[in-house]
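First comes the structure, then the notes that go with it.
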Amino acid sequence: YCASLNSITIPNSVTSIGHQAFFSCSKLLSVTIGNSVSSISNSAFSDCRALIEFIVASGIVAIESL
């Protein structure tokens, strides 16, 4: 549970973001995805209602339903 998380930068060492990884992070405002991430699984950021900025690097090959 990530109730106090307001921003996240996924580092270049991460290659994928799993199913519901940040599900329902109600205060998450900003996400920056590193260059090595090639896939984002289903509902990884589902129900992040405050999310206003989502920066994705060029390495993304597949994005399922966020």
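The values are calculated or read from the model by the stated rules, or taken from the named source; none is laboratory data. Just so it is clear, the model here is predicted, and its values are computed rather than measured. Cβ placement follows ideal geometry from the backbone for every residue including glycine, while neighbour counts extend to all protein chains displayed. Just so you know, the surface numbers come from the protein's heavy atoms only, side chains and all, with ligands and any DNA or RNA stripped out. Shrake-Rupley method; radii C 1.70, N 1.55, O 1.52, S 1.80 Å.
Key figures
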| read-out | value |
| --- | --- |
| Within segment 16-31, tally of residues that are within 14 Å of VAL56 (Cβ to Cβ), modelled with pLDDT under 95 and either surrounded by fewer than 16 Cβ atoms within 10 Å (Cβ to Cβ) or of a type outside the set (A, V, I, L, M, F, W, C) (or both) | 1 |
| Qualifying residues in segment 4-15 (those that are open to solvent by 60 Å² or more (accessible area, probe 1.4 Å) and not hydroxyl-bearing (Ser, Thr, Tyr)) - the one nearest to ILE60 (Cα to Cα) | ASN12 |
| Hey, ILE40 open to solvent by less than 50 Å² (accessible area, probe 1.4 Å) and over 10 Å from the mean Cα position of the chain (by Cα) or not | no |
| Residue match in segment 46-61 (condition: exposed (fewer than 14 other Cβ atoms within 10 Å of the Cβ) and of a type in the set (Lys, Arg)) | yes |
